[in-house]
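The values are calculated or read from the model by the stated rules, or taken from the named source; none is laboratory data. What you see is a predicted model, and the numbers here were worked out from it, not measured in a lab. Cβ sites come from the backbone with ideal geometry, for glycine too, and all protein chains shown count toward neighbours.
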Amino acid sequence: MLARFGWVTRSALATALLALGGCGGTGNEKEEVASAEPSTASPSSGALDAAVAKVSDKDSADKPAHLVTPDRAVDPKKLVDVVEQEVKGGENASPSPESILWLPSDQSKIKDEPLTVKVPKGLSPLILNVNVPAANPLTKGKFELGKQLYFDPRVSLDGTISCATCHNPEKGWTDQLSVSVGIDGHTGGRSAPTVVNTAYGKTMFWDGRSPSLEGQAQGPIQNPIEMGKQSYEDIVLRLRAIPGYKDQFEKVFGTDVTLDGMAKAIATFERVAALSGNSKYDKYNSDGDLTALSESEKRGMVLFGLRLRGDDEFKTNVALKKAECTSCHTGSNFTNEQFHNIGVGWNAEKNDFADYGRFVISPIGSKNNSELGAFKTPTVREIEKSGPYMHDGSLKTLEEVVEHYNKGGNPNPSLDKDIKKLNLTDSEKADVVAFMKALTGEQVKVELPTLPPGTDGKIPDPHAALTPPPVKAAANVFHPAVQR
Ligand code: HEC
Ligand code: HEC
């Protein structure tokens, strides 16, 4: 395994991670920390040097980041000593990268209980090894810790931005902006997707570049325009100074604060809290409550591509699958988890896309033109709340979305074959919108947490970070695809 690793300096590690950019754009699926040992080959401060594994694209594809842990025995005592020195500012004060990112947990210290989750009606149960990684089972303490980290603005460089700034549960787990606004009012090139039902997601991001919620959660905290230009060390050491976090990490992971633990806790919170089901559609479909949907919603459902229940005698008088949204928005979370070009972001004058999407992520040598301008099919559950829509937030309302599909998308050389003119009448368009609104459901009520006091005794108010800062600079660097 070590043979795959190259030794690089700390700044090279930071550059490598930042280059992938974006909320969670750590390229975590491509990097892996190899060793706690200081590098001798490096000109800069030895103990801070990191080893980065450039796992080949092929490897990363079949090896989710959260399942990859360093396979070398590390003496936990040694690591803790080094870190204590760093926190105290003593000689040889630099922590080893591994002690910051990952520490072997002392099982005897873990005092946490399993968390059983009853998912809302219409969703499939959360299953270990299917929707929950074996390395990160659901526990109560992890959920509470993850919730605090999710809402804690101290995770950002200047204490103003939390995950909830851009993924606010009250706003359908988004910021309801076309493109997100991060630290110092920087804007990016993509719209914040909803976190709703990402527990069922096969990949994360509009282009699917991260394989898991765990992998995703490590990115935004050190993205210069989301949460600030800071290194993992900065964040982890800042949180280690907060006794409340130190104690919880000990209890939940049997370690000090680490990036690995942060990612696991935040992912657990998202997996459990951001669930939406038991909508009018689920009451109709699962409970057989034939009155749960209005006539317009039923017509919309049939146009969307779903049949009426066998015991429903209502005659919709519309053609089944006339809009055939289910060719992509399918299954209990209304997404096939695939990537499609529906023509969003195509500039006909320039004959080019503003953002190449999935194409950029595909390994060199297997790039396929059909991936140009292709993005992940999003869920349409809870959709009423999460506009503006599409990866670039270019469509403001659900009516505009239906209009987009009705005209056959934006014709371009790699338009998906399933995107074609629909010839919906005005009332049929309204029906499709009505059906999508019937997918607004029951959400887990998220009470904002009380955050642990900092070293100054102050307790930050998580509400303050719910309002994004005013826009100042358009940086457009969420992702290399946007940076071209
Ligand atoms: C400044 C706004 C901003 C902040 C802060 C932010 N995100 Fe994001 N998030 C985004 C954007 C924009 C994307 C989409 C980026 C892309 O696809 O390239 C995204 C994508 C995601 C996704 C992928 C969802 C999907 O369906 O693919 C998840 C999950 C997520 N963020 C969780 C988090 C967590 C957890 C945090 C805090 C550690 C966080 N975000 C902080 C803006 C933000
Ligand atoms: C060929 C696959 C495909 C078909 C068919 C399809 N969609 Fe989509 N849908 C997508 C993809 C991919 C996106 C994201 C595109 C992007 O951002 O560039 C999307 C985005 C959306 C969004 C915005 C979601 C968000 O969070 O921003 C809505 C709403 C939506 N589709 C509804 C529909 C409806 C209604 C139909 C039927 C008329 C339909 N879709 C048919 C693949 C499809």
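State yes or no: is residue 375 assigned to a loop (DSSP other than H, G, I, E, B) and within 27 Å of the chain's Cα centre (by Cα)?
Answer is no for this residue.
For the condition crowded, with 19+ Cβ neighbours inside 10 Å, more than 16 Å from ligand 2 (Cβ to nearest atom) and either of a type outside the set (A, V, I, L, M, F, W, C) or modelled with pLDDT under 95 (or both), what is the one hit in 449, 468, 480?
Matching residue, one of 449, 468, 480: 468.
Of the numbered conditions (1) crowded, with 21+ Cβ neighbours inside 10 Å; (2) within 21 Å of residue 437 (Cβ to Cβ), residue 330 fails exactly one; give the number of that condition.
(1)
The conditions are (1) farther than 24 Å from residue 418 by Cβ; (2) at pLDDT below 95; (3) of a type outside the set (Ser, Thr, Tyr); (4) within 25 Å of the chain's Cα centre (by Cα), and residue 360 fails exactly one of them. Which is it?
For residue 360, the failing item is (1).
Given the conditions (1) within 14 Å of ligand 2 (Cβ to nearest atom); (2) in contact with a helix residue (DSSP H, G or I) (Cβ under 8 Å, 6 or more places away or on another chain), report the number of the one that residue 196 does not fulfil.
Failed condition: (2).
Scan (1) assigned by TED's automatic domain parsing to the domain that holds residue 130; (2) at pLDDT 95 or above; (3) not aromatic (Phe, Trp, Tyr) for the single condition residue 234 breaks and write down its number.
Of (1) assigned by TED's automatic domain parsing to the domain that holds residue 130; (2) at pLDDT 95 or above; (3) not aromatic (Phe, Trp, Tyr), only one is false for residue 234: (2).
Restrict the check to segment 247-261 and report whether at least one residue is within 23 Å of residue 168 (Cβ to Cβ) and out of contact with any strand residue (DSSP E or B) (no Cβ under 9 Å at 6 or more places or on another chain).
No, segment 247-261 contains no residue that is within 23 Å of residue 168 (Cβ to Cβ) and out of contact with any strand residue (DSSP E or B) (no Cβ under 9 Å at 6 or more places or on another chain).
Output yes when any residue across segment 314-332 is among the small types (Gly, Ala, Ser), without any contact (Cβ under 8 Å) to a residue 12 or more places away in the chain and more than 10 Å from ligand 2 (Cβ to nearest atom), and no when none is.
Yes.
Answer with yes or no whether residue 266 is β-branched (Val, Ile, Thr) and out of contact with any Ser or Thr (no Cβ under 9 Å at 6 or more places or on another chain).
yes
Could you say which residue among 149, 145 is within 12 Å of ligand 1 (Cβ to nearest atom), among the aliphatic types (A, V, I, L, M), crowded, with 24+ Cβ neighbours inside 10 Å and not in a loop (DSSP other than H, G, I, E, B)?
149
Among (1) in a loop (DSSP other than H, G, I, E, B); (2) touching an Asp or Glu at 6+ places or on another chain (Cβ under 6 Å); (3) away from ligand 1 (no atom under 16 Å from the Cβ), there is one condition residue 445 misses while meeting the rest; what is its number?
Condition not satisfied by residue 445: (2).
Pick out the one residue from 352, 311 that is within 30 Å of residue 442 (Cβ to Cβ), surrounded by fewer than 19 Cβ atoms within 10 Å (Cβ to Cβ) and not assigned by TED's automatic domain parsing to the domain that holds residue 131.
One residue alone meets the criteria, 311.
I want to confirm something. Restricting to segment 130-152 and keeping residues that are small (Gly, Ala, Ser) and touching a helix residue (DSSP H, G or I) at 6+ places or on another chain (Cβ under 7 Å), which single residue is farthest from residue 256 (Cα to Cα)?
135
Could you pull out the residue among 438, 434 that is at pLDDT 95 or above, under 25 Å from residue 173 (Cα atoms), within 26 Å of the chain's Cα centre (by Cα) and more than 16 Å from ligand 1 (Cβ to nearest atom)?
Among 438, 434, only 438 is at pLDDT 95 or above, under 25 Å from residue 173 (Cα atoms), within 26 Å of the chain's Cα centre (by Cα) and more than 16 Å from ligand 1 (Cβ to nearest atom).
So which residues in segment 333-351 are part of a loop (DSSP other than H, G, I, E, B) and free of Cβ contacts under 8 Å to residues at least 24 places away in the same chain?
349, 350, 351
Could you give every pair whose Cβ atoms fall below 6 Å, whose first residue belongs to segment 392-405 and is closer than 17 Å to residue 329 by Cβ and in contact (Cβ under 8 Å) with a residue 24 or more places away in the chain, and whose second residue is within 16 Å of ligand 1 (Cβ to nearest atom) and in a helix (DSSP H, G or I), counting only separations of at least 6 or pairs across chains?
Pairs that qualify, where the first residue is closer than 17 Å to residue 329 by Cβ and in contact (Cβ under 8 Å) with a residue 24 or more places away in the chain and the partner is within 16 Å of ligand 1 (Cβ to nearest atom) and in a helix (DSSP H, G or I): there are none.
Mind listing just one residue for me: the one in segment 291-310 that is small (Gly, Ala, Ser) and within 11 Å of ligand 2 (Cβ to nearest atom) and, of those, farthest from residue 334 (Cα to Cα)?
300
Identify all residues within segment 380-407 that are of a type in the set (A, V, I, L, M, F, W, C) and either assigned by TED's automatic domain parsing to the domain that holds residue 173 or in contact with a Ser or Thr (Cβ under 9 Å, 6 or more places away or on another chain) (or both); write none if there are none.
The answer is 380, 383, 390.
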